[in-house]
């Protein structure tokens with residue numbers, strides 16, 4: 001149950017972070033250079049939610065990925 005909640009929370013955080021990254025792309029059309037743009041978005045909390053969401057998704061799928069690799073490894077041995 002905890003892994004499902006972590007996965008859903010990760011998807012929500014990733015969606016919010018990606019949404020704001022796309023919205024902030026409009027700053028490039030107003031005259032910001034790419035370096036200024038990266039410096040600006042790296043200081044925004046909303047954008048950091050994208051990375052937190054990716055970490056949450058990876059942690060929730062950790063056991064599934066491990067089991068999948070074990071299944072593939074055992075099927076090659078047989």
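Annotations for the structure displayed:
- Subset of segment 26-35 [modelled with pLDDT under 90, loosely packed, with under 12 Cβ neighbours inside 10 Å and in a helix (DSSP H, G or I)]: 26, 34
- Qualifying residue in segment 3-21 (condition: in contact (Cβ under 8 Å) with a residue 24 or more places away in the chain, under 30 Å from residue 60 (Cβ atoms), exposed (fewer than 11 other Cβ atoms within 10 Å of the Cβ) and out of contact with any helix residue (DSSP H, G or I) (no Cβ under 7 Å at 6 or more places or on another chain)): yes
The values are calculated or read from the model by the stated rules, or taken from the named source; none is laboratory data. Keep in mind the model is a prediction, meaning the values are calculated, not measured. Don't worry about glycine lacking a Cβ; one is built from the backbone with ideal geometry, like all the others, and counts go over all protein chains shown.
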